[in-house]
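The values are calculated or read from the model by the stated rules, or taken from the named source; none is laboratory data. Being a predicted model, the structure only gives us computed values, none of them experimental. For accessibility, only protein heavy atoms count, side chains too; no ligands or nucleic acids. Shrake-Rupley method; radii C 1.70, N 1.55, O 1.52, S 1.80 Å.
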Amino acid sequence: MPTGRSLLIAIAIAALAAGSYLAARETSLFAVRTLDVRGGTPAIRAQVRAALQPELGKSLLKVGGGDIGRRLGAVTGVRSFHFDRRFPSTLEVVVTAEWPVLVVRQGPAAYLVSASGRVLRTLAHPRLSGLPRLWLPTKATPPRVGEELPMPPLAGAVAAGPVASAPLPGGVKTVVSDGKQLSLVLGGGYVDVSVPERPVLSSNSQVGG
(Lines give C-alpha, C1' and ligand atoms only; values in the text may rest on other atoms or scores of the structure.)
Protein backbone atom coordinates (compact mmCIF):
# COMPACT_ATOMS: atom_id res chain seq x y z
CA MET A 1 0.00 0.00 0.00
CA PRO A 2 1.36 3.45 -0.86
CA THR A 3 2.23 5.63 2.09
CA GLY A 4 0.78 9.06 2.65
CA ARG A 5 4.12 10.61 1.72
CA SER A 6 4.31 8.74 -1.61
CA LEU A 7 0.76 9.82 -2.45
CA LEU A 8 1.63 13.46 -1.75
CA ILE A 9 4.72 13.18 -3.96
CA ALA A 10 2.66 11.65 -6.80
CA ILE A 11 0.05 14.39 -6.51
CA ALA A 12 2.77 17.06 -6.52
CA ILE A 13 4.38 15.55 -9.65
CA ALA A 14 1.01 15.41 -11.44
CA ALA A 15 0.26 19.01 -10.48
CA LEU A 16 3.69 20.10 -11.68
CA ALA A 17 3.18 18.33 -15.03
CA ALA A 18 -0.25 19.89 -15.46
CA GLY A 19 1.12 23.31 -14.62
CA SER A 20 3.98 22.87 -17.07
CA TYR A 21 1.56 21.86 -19.83
CA LEU A 22 -0.68 24.86 -19.19
CA ALA A 23 2.33 27.15 -19.18
CA ALA A 24 3.58 25.65 -22.45
CA ARG A 25 0.17 26.32 -24.04
CA GLU A 26 0.48 30.01 -23.27
CA THR A 27 4.17 30.58 -23.94
CA SER A 28 5.52 31.75 -27.31
CA LEU A 29 8.21 29.06 -27.12
CA PHE A 30 6.03 26.65 -29.14
CA ALA A 31 4.27 29.25 -31.30
CA VAL A 32 3.59 28.21 -34.91
CA ARG A 33 6.11 29.96 -37.15
CA THR A 34 6.18 27.59 -40.12
CA LEU A 35 3.34 26.01 -42.13
CA ASP A 36 4.59 22.91 -43.94
CA VAL A 37 1.82 22.00 -46.41
CA ARG A 38 2.15 18.85 -48.51
CA GLY A 39 0.02 16.99 -51.03
CA GLY A 40 -2.35 18.29 -53.68
CA THR A 41 -1.38 20.71 -56.43
CA PRO A 42 0.68 23.88 -56.01
CA ALA A 43 -2.53 25.93 -56.30
CA ILE A 44 -4.26 23.89 -53.58
CA ARG A 45 -1.22 24.12 -51.30
CA ALA A 46 -1.23 27.91 -51.73
CA GLN A 47 -4.93 28.03 -50.81
CA VAL A 48 -4.31 25.83 -47.75
CA ARG A 49 -1.47 28.08 -46.56
CA ALA A 50 -3.68 31.13 -46.98
CA ALA A 51 -6.53 29.48 -45.06
CA LEU A 52 -4.19 28.49 -42.20
CA GLN A 53 -2.55 31.91 -41.78
CA PRO A 54 -4.58 32.59 -38.58
CA GLU A 55 -2.82 29.62 -36.95
CA LEU A 56 0.55 31.41 -37.13
CA GLY A 57 1.61 32.63 -33.72
CA LYS A 58 -0.69 30.20 -31.91
CA SER A 59 0.89 27.62 -29.60
CA LEU A 60 1.25 24.21 -31.26
CA LEU A 61 -0.41 22.77 -28.18
CA LYS A 62 -3.52 24.80 -28.94
CA VAL A 63 -3.75 23.72 -32.59
CA GLY A 64 -6.42 21.06 -33.14
CA GLY A 65 -7.91 19.11 -36.00
CA GLY A 66 -11.29 20.76 -35.54
CA ASP A 67 -9.87 24.26 -36.07
CA ILE A 68 -7.87 23.15 -39.12
CA GLY A 69 -10.89 21.36 -40.58
CA ARG A 70 -13.06 24.45 -40.25
CA ARG A 71 -10.45 26.61 -41.94
CA LEU A 72 -9.96 24.13 -44.79
CA GLY A 73 -13.70 23.72 -45.29
CA ALA A 74 -13.61 26.68 -47.67
CA VAL A 75 -10.85 25.12 -49.79
CA THR A 76 -13.01 23.10 -52.18
CA GLY A 77 -10.06 21.20 -53.68
CA VAL A 78 -9.26 19.45 -50.37
CA ARG A 79 -10.96 16.13 -49.77
CA SER A 80 -9.24 15.20 -46.50
CA PHE A 81 -6.18 16.06 -44.40
CA HIS A 82 -4.07 15.02 -41.47
CA PHE A 83 -1.68 17.13 -39.43
CA ASP A 84 1.31 16.83 -37.16
CA ARG A 85 2.93 19.15 -34.63
CA ARG A 86 6.67 19.33 -35.26
CA PHE A 87 8.10 21.02 -32.21
CA PRO A 88 9.21 23.59 -31.56
CA SER A 89 7.40 25.69 -34.18
CA THR A 90 6.23 23.82 -37.30
CA LEU A 91 2.68 22.79 -38.17
CA GLU A 92 2.67 20.10 -40.86
CA VAL A 93 -0.53 19.56 -42.85
CA VAL A 94 -0.83 16.86 -45.51
CA VAL A 95 -3.86 17.16 -47.79
CA THR A 96 -5.56 14.76 -50.17
CA ALA A 97 -7.00 16.58 -53.15
CA GLU A 98 -10.41 16.07 -54.69
CA TRP A 99 -10.35 14.29 -58.06
CA PRO A 100 -12.30 16.06 -60.85
CA VAL A 101 -14.26 13.52 -62.94
CA LEU A 102 -17.30 15.30 -64.34
CA VAL A 103 -18.56 18.52 -65.90
CA VAL A 104 -22.14 19.29 -64.90
CA ARG A 105 -24.02 21.51 -67.36
CA GLN A 106 -27.19 23.46 -66.67
CA GLY A 107 -28.06 25.75 -69.52
CA PRO A 108 -25.00 27.90 -70.23
CA ALA A 109 -23.54 27.26 -66.76
CA ALA A 110 -20.87 24.63 -66.16
CA TYR A 111 -19.46 23.16 -62.95
CA LEU A 112 -16.43 20.98 -62.27
CA VAL A 113 -17.38 18.08 -59.97
CA SER A 114 -15.18 15.61 -58.09
CA ALA A 115 -15.49 11.84 -57.66
CA SER A 116 -17.06 12.44 -54.24
CA GLY A 117 -19.81 14.54 -55.83
CA ARG A 118 -18.49 17.86 -54.52
CA VAL A 119 -18.81 20.91 -56.76
CA LEU A 120 -15.27 22.28 -57.01
CA ARG A 121 -15.78 25.43 -59.10
CA THR A 122 -17.54 26.94 -62.07
CA LEU A 123 -16.04 26.61 -65.54
CA ALA A 124 -15.89 29.62 -67.80
CA HIS A 125 -14.77 27.56 -70.83
CA PRO A 126 -16.20 24.04 -70.39
CA ARG A 127 -15.44 23.06 -74.00
CA LEU A 128 -11.75 23.00 -73.08
CA SER A 129 -12.40 20.08 -70.71
CA GLY A 130 -12.46 16.49 -71.97
CA LEU A 131 -14.35 15.19 -68.91
CA PRO A 132 -17.76 13.51 -69.26
CA ARG A 133 -20.88 15.70 -69.18
CA LEU A 134 -23.99 15.41 -67.05
CA TRP A 135 -26.86 17.72 -68.00
CA LEU A 136 -29.26 19.07 -65.37
CA PRO A 137 -32.76 20.34 -66.16
CA THR A 138 -32.83 24.12 -66.43
CA LYS A 139 -35.51 24.29 -63.71
CA ALA A 140 -33.48 22.21 -61.24
CA THR A 141 -31.80 23.91 -58.27
CA PRO A 142 -28.38 25.12 -59.49
CA PRO A 143 -25.32 23.40 -57.98
CA ARG A 144 -23.44 25.35 -55.33
CA VAL A 145 -19.65 25.48 -55.22
CA GLY A 146 -18.29 23.65 -52.17
CA GLU A 147 -21.39 21.50 -51.70
CA GLU A 148 -22.32 18.02 -52.90
CA LEU A 149 -24.61 17.48 -55.84
CA PRO A 150 -28.10 16.30 -54.89
CA MET A 151 -29.34 12.87 -55.91
CA PRO A 152 -29.56 11.54 -58.61
CA PRO A 153 -26.75 13.66 -60.16
CA LEU A 154 -24.57 12.72 -57.18
CA ALA A 155 -24.78 9.06 -58.25
CA GLY A 156 -23.55 10.08 -61.68
CA ALA A 157 -20.43 11.71 -60.27
CA VAL A 158 -19.68 8.74 -58.02
CA ALA A 159 -20.13 6.34 -60.97
CA ALA A 160 -17.91 8.43 -63.24
CA GLY A 161 -14.99 8.30 -60.81
CA PRO A 162 -13.93 4.63 -61.14
CA VAL A 163 -14.28 4.63 -64.94
CA ALA A 164 -12.72 8.02 -65.66
CA SER A 165 -9.40 6.43 -66.58
CA ALA A 166 -10.71 3.00 -67.60
CA PRO A 167 -9.96 1.78 -71.17
CA LEU A 168 -13.60 1.90 -72.28
CA PRO A 169 -14.32 2.08 -76.05
CA GLY A 170 -14.37 5.73 -77.05
CA GLY A 171 -14.15 6.93 -73.45
CA VAL A 172 -17.03 8.25 -71.34
CA LYS A 173 -18.75 11.18 -73.07
CA THR A 174 -21.93 11.71 -71.07
CA VAL A 175 -23.48 10.50 -67.81
CA VAL A 176 -27.25 10.04 -67.89
CA SER A 177 -29.24 9.66 -64.68
CA ASP A 178 -33.01 9.84 -64.24
CA GLY A 179 -33.23 8.63 -60.66
CA LYS A 180 -33.98 5.05 -61.70
CA GLN A 181 -31.32 4.24 -64.27
CA LEU A 182 -27.73 5.37 -64.58
CA SER A 183 -25.90 5.08 -67.91
CA LEU A 184 -22.46 6.12 -69.07
CA VAL A 185 -22.58 7.08 -72.74
CA LEU A 186 -19.35 6.14 -74.52
CA GLY A 187 -17.87 7.09 -77.84
CA GLY A 188 -18.57 3.52 -78.98
CA GLY A 189 -21.65 2.60 -76.94
CA TYR A 190 -22.90 2.93 -73.40
CA VAL A 191 -22.59 1.20 -70.05
CA ASP A 192 -25.69 0.68 -67.93
CA VAL A 193 -24.46 0.89 -64.33
CA SER A 194 -27.86 0.85 -62.62
CA VAL A 195 -26.60 -2.32 -60.92
CA PRO A 196 -22.91 -1.49 -60.26
CA GLU A 197 -21.89 -5.11 -59.69
CA ARG A 198 -23.37 -6.10 -63.10
CA PRO A 199 -22.62 -3.32 -65.62
CA VAL A 200 -23.96 -3.92 -69.11
CA LEU A 201 -22.12 -2.69 -72.23
CA SER A 202 -24.29 -1.89 -75.27
CA SER A 203 -23.31 -0.85 -78.77
CA ASN A 204 -26.20 1.64 -79.02
CA SER A 205 -24.40 4.96 -78.66
CA GLN A 206 -27.67 6.94 -78.86
CA VAL A 207 -29.18 5.71 -75.60
CA GLY A 208 -29.57 8.52 -73.08
CA GLY A 209 -28.95 11.27 -75.65
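Can you work out the Karplus-derived ³J(HN,Hα) for every residue in region 96-111? Use 6.51 cos²θ - 1.76 cosθ + 1.60 with θ = phi - 60°, whole Hz, and x for glycine or proline.
Those phi angles translate into 10, 7, 5, 10, x, 9, 8, 10, 8, 10, 9, x, x, 7, 9, 9 Hz.
Can you give me the long-range amide H partners of LEU186? Hydrogens built in the peptide plane at 1.01 Å from N, cutoff under 5 Å, separation of 5 or more residues or another chain.
Counting only residues 5 or more places away or on other chains, the set is LYS173, VAL191.
On full extension of the chain, what length is gained from ARG127 through ALA43, given 0.36 nm per residue of separation minus the C-alpha to C-alpha distance?
Additional length available on full extension: 28.0 nm.
Carbon and sulfur atoms: what percent of the 1.4 Å accessible area of region 58-108 do they account for? Please report the intermediate quantities before stating the final value.
Numbers: 1170 of 2280 Å².
For region 58-108, the apolar C and S fraction of the accessible surface comes to 51 percent.
Residue by residue through region 54-71, which ³J(HN,Hα) values in whole Hz follow from phi under the Karplus form 6.51 cos²θ - 1.76 cosθ + 1.60 (θ = phi - 60°), with glycine and proline marked x?
Karplus values, whole Hz, x for Gly and Pro: x, 7, 5, x, 7, 4, 4, 6, 9, 6, x, x, x, 5, 5, x, 5, 5.
Under 5 Å between amide hydrogens, which residues at least 5 positions from SER59 or on another chain qualify, with H placed 1.01 Å from N in the peptide plane?
Amide H to amide H, under 5 Å and 5 or more residues apart or across chains, SER59 pairs with VAL32.
Would you mind checking which residues have amide H under 5 Å from SER80's amide H? H placed 1.01 Å from N; only 5 or more apart, or other chain.
Amide H neighbours of SER80, under 5 Å, 5+ apart: THR96.
Using only the alpha-carbon atoms of region 105-184 as identical scatterers, what base-10 log of I(q)/I(0) does the Debye formula give at q = 0.12, 0.16, 0.22 Å⁻¹?
-0.30, -0.55, -1.09
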